[in-house]
Amino acid sequence: MIKAEGITKKLKSGKLLLNNISFEVRKGEFVGILGASGAGKTLTLKSLIGLMELTEGAVWVEQENNQHINIYKTSTRALKKVRSKIALIFQGYHLVQRATVIDNVLMGRLGTISTWRSLFFGFTAQEKTEAMMALERVNMQTFTNNRVNALSGGEKQRVAIARALFQQPNLLLADEPISNLDPKNAKTIMALLKELSVFFPVIGVFHQPELCAKYCTRIIAIKDGAIFYDGQPNIDEKTLEEIYGEELSSILQ
């Protein structure tokens with residue numbers, strides 16, 4: 001579970017980038033964050049892992065022992081531990097292009113092992129087996145020793161998801177993970193994310209309301225830095241027009 005509580009970000013000029021954003025997402029939910037360009041979608045996502053300084057508010061993340069930690073009121077060491085269980089996937093994949101598929105997946109746990117072990121001993125046989133299982137989960141096991149720079153966009157994103165799975169996360173955050181993909185691969189990635197939400201909450205920023213309506217379990221729409229809509233994924237056209245304004249025509253093309 002992750003809970004945003006009154007997230008507010010105000011500039012010195014007084015301009016509000018985020019205005020009292022509150023929501024809670026639990027295991028079993030695949031939440032799509034929608035909104036026009038500059039509405040505050042990505043800022044909201046960044047706030048969930050403590051990547052920006054808030055003016056007000058809190059973000060509570062549930063731990064394995066059922067404790068809840070406010071990531072903005074905890075030690076650097078505790079925050080590192082919390083982040084190690086939050087998987088991230090991005091529009092640009094963030095993979096090492098000249099490394100192999102399996103090596104990129106293994107990198108998902110670099111934050112949980114010592115620098116000494118990562119430099120001199122590497123990963124154990126058990127960890128490599130688990131990495132292979134993650135690749136099988138996204139149907140990329142036959143690409144194990146291929147270099148990432150030889151893969152298509154959809155294949156790269158599946159490797160990124162396998163790396164996230166290998167991380168054994170409690171939460172998965174995705175920032176525009178299908179923006180660079182063709183329709184077929186976009187649907188494949190959305191279906192994968194929905195399947196993964198059975199095991200942990202999945203929250204993603206998207207620009208495709210029609211795909212969110214098909215795959216997400218819930219939509220949160222941000223407008224002018226505040227929550228404008230929080231509800232069922234099938235949003236009527238009038239509400240979409242209010243969310244996107246003039247941008248809607250280009251988004252629905």
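Each value in this text was obtained by applying a stated rule to the coordinates, not by laboratory testing. As the structure is a prediction and not an experimental result, all values here were calculated from the model. Backbone-built Cβ (ideal geometry, glycine too); neighbour counts: all protein chains shown.
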Going fewest to most other Cβ atoms within 10 Å around each Cβ, MET190, MET52 line up as MET52, MET190
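Looking at the chain, which longest stretch skips every one of the trypsin sites (Lys or Arg not before Pro) that is in a DSSP loop with at most 15 other Cβ atoms within 10 Å, leaving the sites themselves out?
Values: sites that count: LYS12, LYS15, ARG26, LYS27, LYS73, ARG98.
No qualifying site falls inside 99-253, the longest such stretch.
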By count of other Cβ within 10 Å, fewest leading, how are SER13, SER22 ordered?
SER13, SER22
The chain: relative contact order as a whole-number percent, Cα under 8 Å and 6+ apart:
28
Once amide hydrogens are built 1.01 Å from N within the peptide plane, the residues lying 5 or more places from PHE90 or on another chain with amide H under 5 Å from its amide H are ASP175
For the stretch 1-109, which GluC sites (Glu not before Pro) pass both filters: DSSP loop (anything but H, G, I, E, B) and at most 11 other C-beta atoms within 10 Å?
GLU53, GLU64
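222 nm [θ] for the chain, helices only, -39500 (n - 2.57) per DSSP H run of 4+, per residue, to 500?
Values: 9 runs with 81 residues, N = 253.
My calculation for the chain gives -9000 deg cm²/dmol from helical runs alone.
Rounded to two decimals, what is the ratio between the C-alpha radius of gyration of the stretch 1-62 and 2.2 N^0.38 Å? Each step should come with its number before you reach the end.
Working: Rg = 11.8 Å, N = 62, 2.2 N^0.38 = 10.6 Å.
In units of the 2.2 N^0.38 Å rule of thumb, it is 1.11.
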With axes computed from alpha carbons, what is the tilt in degrees of helix 153-166 against the longest principal axis of the chain, rounded to the nearest 10 within 0 to 90?
80
Near LYS194, which lysines are there with a Cα under 23 Å away, not counting those fewer than 8 places off in the same chain?
LYS3, LYS27, LYS41, LYS46, LYS85, LYS156, LYS184, LYS214
Could you give the length gained by full extension between LYS10 and LEU252, i.e. 0.36 nm per residue of separation minus their alpha carbon distance, to one decimal place?
83.9 nm
How large is the Kirkwood hydrodynamic radius of the chain, in angstrom, based on all distinct alpha carbon pairs?
19.0
Relative contact order (%) - criterion: Cα under 8 Å, at least six apart; region: the stretch 121-195:
30
Residues with amide H under 5 Å from that of TYR229, placed H, sequence gap 5 or more
ALA221
Could you put ILE7, ILE71, ILE251 in order, starting from the residue whose Cβ has the fewest other Cβ atoms within 10 Å?
ILE251, ILE71, ILE7
Once the Cα atoms of helix 183-196 and of the chain are each reduced to a long axis, what angle between those two axes, in degrees from 0 to 90 to the nearest 10, is obtained?
80
